[in-house]
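The values are calculated or read from the model by the stated rules, or taken from the named source; none is laboratory data. The structure displayed is predicted, hence computed values, not measured ones. All Cβ positions, even for glycine, are placed from backbone atoms using ideal geometry, and neighbour counts span all protein chains on display.
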Amino acid sequence: MNAKNATAIHPIRMALAIAGAAAVALAGMAPPATAASVLVSDDFSGSVLGSGWSVTDHVGDGSVELVGEGTGDAQLSLTVGAGESHDAWGVNRSLRVMQAVSNTDFAVDAGFDSVPVTTNHDQGLIVEQDASNWLRFDVFASGGVVRAFAAATTSGSSKTKFNKVLAVQPTDSVVVGVGRVGNSWTMTVAVDGGSPQVIGTFSQALTVGSVGPFAANAGSNPAAYTALVDYVFDRANPIVPEDGGADPGPDPDPDPEPEPDVTAPAVSGVSATPTASSAVVSWTTNEAATGAVAFGTTTSYGSTASSSGSGTSHAATLTGLAPATTYHYRITATDTSGNAGSSADLTFTTTASSTPNAVFSSDDFSGSVLGSGWSVTDHVGDGSVELVGEGTGDAQLSLTVGAGESHDAWGVNRSLRVMQAVSNTDFAVDAGFDSVPVTTNHDQGLIVEQDASNWLRFDVFASGGVVRAFAAATTSGSSKTKFNKVLAVQPTDSVVVGVGRVGNSWTMTVAVDGGSPQVIGTFSQALTVGSVGPFAANAGSNPAAYTALVDYVFDRANPIVPEDGGADPGPDPDPDPEPEPDVTAPAVSGVSATPTASSAVVSWTTNEAATGAVAFGTTTSYGSTASSSGSGTSHAATLTGLAPATTYHYRITATDTSGNATVTQDRTFTTLEQTAGPAIDIWYGSDQSFGAPARTQPRINIVGSVSNPDGVSSLTYRVNGGTARALSLGPDNRRLAMPGDFNADIPYADLNTGSNVVTITALGTNGSSVTETVNVTIQNGSLSLPYTTAWSGSAALQTQAQSVDGLWRVDNGSVSTVQVGYDRILAVGDSAWTDYEVTVPMTLHSFGPGAGQYLSGDPMIGIGLRWQGHTQVQGEPLAYGWYPAGAYSWYRFYENGPRWELFGNHNSPVVRGARNAIDFSPGDTYMMRVRVEGLPSGGATYSMRMWEQGTSEPTTWSGTITDVDTVSNGSVVLIAHHVDATFGNVTVTPLP
């Protein structure tokens, strides 16, 4: 421990020193477990922290305390201070309490009675090998929501694994769970006492030495944060009853009337962090509550700011303050039963006024000429740069790129951009756009540039009917994606793209249609900044022209107010009037019912935001109820389980947010006659086997198609009679190539070794349904090297390889595509393979339809190494991510000249051959040899070469890359992307 850490005051450590080793060893720890324990469970109900725990306080300002001793709500309190980041990224600066564990499989749950509310407040679990190699699993606040997050740090370099908004937002408590099986890590989160939900699974090698909970904050000037740890349990050996409470046993009255809550919440941990014009007030309560801060220059206050959320950790931002002024404030906390408690009067003093040094000269483009600080770069030479709306409140900079040629900012920056020189310091810049990309690959945003070969882009672009946020870093001319996310709120009018830099840390925000900025993400990238500015772009083989309308580009610390010369509206004469109570029930109109033979959709509108429900049945007694989705003014409910050719009665109840309800009159509809339904084609038959000769990936794939897909209202599958799971119907421009295609992507973990039954059911829009049954046999095979396929037309394909996507045909000595489309993939071999060399002959027959369309790009044929299966990218139902993986070697038929390419994990590093150097044409057969060799220091070297069959094999590798960010094992995949192709026998040999 360094000197700074050694002098930090920790009440827990003082208690340990006083209590003595014997008492410490017993306090709060679990009794001997019956199953083998990896971690000793603790509910922190003792007076001292158990000796198995050790505190790491990297910054040196942390506080670690046991609170609630002897009650049913004992906790471990972890507090990190304000003003300095305690982030767990790169260097683990978090405050954490760790327990040494053995390097075996385990499952650990950490229960928290606190919920992060203020952006970048954070709590979770650390799994550590050493100071440079560790994993984090946590929940943190960002932009008003709580997100689940996981990251892996290897040799001091951190990389995100998950960053997802929790589907159910917590108000009271969160349980973060981590399960380890070998190198596979699964994160779960349970909210407010609910069931654990799987956030995701990833693979990471780690020699585990310790596990424990942590608290953190992040950013340039973060507020203090207290995480309240209720317990940390080995999942196999929890403490029951927790916190020493008596086990209640069977409930004699399973639904007693609860005692009314008449106790107001207690407010504690109050702090205020002022600036010259604002202050952040934070506090905690001993129960879930909402909160507000009354503030002013006297104890009469006069102004109020509400806190966000309704958990036990609270923060409110007070704005419009005068510099160097003392303010009084008082907190009021109200629990869910309406009991209110207030703090005493408190004070803070704002800092003296200062105008931040501007890094960037803000511009609202309201003049008649572009300022001299701007310079235009028009790489393609067809761009148009104009100032429009001069003298109005809507002045803009118009950037137009022409049609027919790509202006993409990738590899070489071909975008049209207007740049301003800046100093290489920290900054935050916002670019407001009055345009929204609609056509696929139309693009607008900000460029941050060092030089022509080193730059960053932060932008929004249209793709597949939605607008996505995107960021990428280009280093020495090689570009790599950082973010590519669908915006949670889709813009209709305007977008503000923001970039904040703190050292090598870059944070992107996006605000939509005048709303608040939402954090897209943060990444680390070294860059010597020389200029910043807005850009317009398009991409693809024949893109349409696009005009980006830049409303302003502001240094966030020094915006132009009022923008475009508009009048400042001044203060609100009544900033918080008391609203009149709502006593009017919503009006229901536009009611309609659309029946099928077995269901009906009832829709209606209300004149105000409301929830809704439909009572229905064959009489006016109804008997069944279906709720509508959402709580706006447009509503629909689906009534299921209906009989064909039957008249049903129904009635709608609409309830507004004040609890006023309207009930409509009785209405009727009649279901349709039962008719024939769609047909399901299981491509590889009703009896399929997986796992022999070996498992190629973590999932099996049952692929096929449904006839008449327009007549299918739903497609689902069940494993061994379990819960029905939805299946997507093609086309999706990715794995599902043709109308009606489906792919049941089923984890081996959901299947039994031996016999399984998978049923696939299609429900027709006419109410009909059809079910097909697939008998699935799961085996536990393994393949040693060397190995050569022996393609045989007399054996089922799935016993020789695994069709991950598409329909393939196996013949004696070869396997061929039957369905041509996006990334037809066939997996070969064993997912446990590590270092090997693959050789396969590839015959090109023709190019299929769809090449060059949205998402597809140009056709290609090749091999993937260390394949580990598809991964989810945006929470899509059928995962389409290609990474993490080893490397991909393919020959791609670009319009401006084909060439071979070798890509590492996450598209980097990459090496390419010269265009047209190899003449691989339809009818030709070429050999491809690819090698992967692990390095002693980590990572691997990948090499490839290819030559025409019947000619001499080259004596040297055509291309070689070394990738330190790679996976350690995986199978082989054959890839036919928009090509009709045949692959010969695949030969895999071990490396010496």
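List of remarks:
- Single match in 69, 84 (criterion: in a loop (DSSP other than H, G, I, E, B) and under 17 Å from residue 242 (Cβ atoms)): 69
- Some residue of segment 955-962 being in contact with a strand residue (DSSP E or B) (Cβ under 6 Å, 6 or more places away or on another chain), buried (at least 23 other Cβ atoms within 10 Å of the Cβ) and β-branched (Val, Ile, Thr): no
- Meets criteria (under 20 Å from residue 809 (Cα atoms), surrounded by fewer than 17 Cβ atoms within 10 Å (Cβ to Cβ) and hydroxyl-bearing (Ser, Thr, Tyr)) for residue 689: yes
- Of the criteria (1) in contact (Cβ under 8 Å) with a residue 40 or more places away in the chain; (2) aliphatic (A, V, I, L, M); (3) surrounded by fewer than 20 Cβ atoms within 10 Å (Cβ to Cβ), which one residue 489 fails: (1)
- Any hit, segment 363-371, residues being among the β-branched types (Val, Ile, Thr), in contact with a strand residue (DSSP E or B) (Cβ under 6 Å, 6 or more places away or on another chain) and modelled with pLDDT under 85: no
- Unmet criterion (only one of (1) in contact (Cβ under 8 Å) with a residue 60 or more places away in the chain; (2) exposed (fewer than 15 other Cβ atoms within 10 Å of the Cβ); (3) not acidic (Asp, Glu)) for residue 696: (2)
- Residues that are polar (S, T, N, Q), under 27 Å from residue 488 (Cβ atoms), surrounded by 14 or more Cβ atoms within 10 Å (Cβ to Cβ) and in the same structural domain as residue 512 (by TED's automatic domain parsing) occur in segment 407-421; there is at least one.
- Residue 218 vs. criteria in contact (Cβ under 8 Å) with a residue 40 or more places away in the chain, assigned to a strand (DSSP E or B) and of a type in the set (Gly, Ala, Ser): no
- Test result for residue 135, of a type in the set (A, V, I, L, M), under 24 Å from residue 966 (Cβ atoms) and either at pLDDT 95 or above or in contact with a Leu (Cβ under 8 Å, 6 or more places away or on another chain) (or both): yes
For every residue, the table says whether it meets (1) touching a strand residue (DSSP E or B) at 6+ places or on another chain (Cβ under 7 Å); (2) surrounded by 24 or more Cβ atoms within 10 Å (Cβ to Cβ).
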| position | (1), (2) |
| --- | --- |
| 95 | yes, yes |
| 124 | yes, yes |
| 136 | yes, yes |
| 152 | yes, no |
| 165 | yes, no |
| 172 | no, no |
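- The residue list 355, 317 contains one member that is over 34 Å from the mean Cα position of the chain (by Cα) and either at pLDDT below 80 or in a loop (DSSP other than H, G, I, E, B) (or both), which is 355.
- Any hit, segment 900-910, residues being over 25 Å from residue 966 (Cα atoms), surrounded by 18 or more Cβ atoms within 10 Å (Cβ to Cβ), in the same structural domain as residue 968 (by TED's automatic domain parsing) and more than 30 Å from the chain's Cα centre (by Cα): no
- All conditions but one from (1) part of a strand (DSSP E or B); (2) in contact with a Leu (Cβ under 9 Å, 6 or more places away or on another chain) apply to residue 604; the one that does not is (2).
- Within segment 940-992, the set of residues being free of Cβ contacts under 8 Å to residues at least 40 places away in the same chain, in a strand (DSSP E or B) and of a type in the set (A, V, I, L, M, F, W, C) comprises 947 only.
- Of all residues in segment 807-833, exactly one satisfies the criterion of being within 24 Å of residue 941 (Cβ to Cβ) and surrounded by fewer than 18 Cβ atoms within 10 Å (Cβ to Cβ), namely 832.
- Taken as a whole, segment 451-462 holds no residue that is at pLDDT below 90 and either crowded, with 20+ Cβ neighbours inside 10 Å or out of contact with any His (no Cβ under 9 Å at 6 or more places or on another chain) (or both).
- Flag for residue 799 being assigned by TED's automatic domain parsing to the domain that holds residue 859 and either within 30 Å of residue 709 (Cα to Cα) or acidic (Asp, Glu) (or both): yes
- Residues within segment 408-442 that are in a loop (DSSP other than H, G, I, E, B) and in contact with a His (Cβ under 7 Å, 6 or more places away or on another chain), tallied: 2
- Hits in segment 489-507 (condition: at pLDDT 85 or above, of a type in the set (Gly, Ala, Ser) and part of a strand (DSSP E or B)): 498, 500
- Of the strands (runs of 3 or more DSSP E) lying entirely inside segment 758-846, the ones with 3 or more residues being within 21 Å of residue 694 (Cβ to Cβ) are found at 769-778, 802-805, 824-828.
- Strands (runs of 3 or more DSSP E) fully within segment 667-755 counting 3 or more residues that are more than 23 Å from residue 830 (Cβ to Cβ): 667-670, 680-682, 699-706, 712-719
- Residue match in segment 849-859 (condition: of a type in the set (A, V, I, L, M), at pLDDT 90 or above and either farther than 20 Å from residue 700 by Cα or part of a strand (DSSP E or B) (or both)): no
- Positions within segment 520-550 being in contact (Cβ under 8 Å) with a residue 24 or more places away in the chain, surrounded by fewer than 24 Cβ atoms within 10 Å (Cβ to Cβ), hydroxyl-bearing (Ser, Thr, Tyr) and not in a loop (DSSP other than H, G, I, E, B), in sequence order: 524, 531, 547
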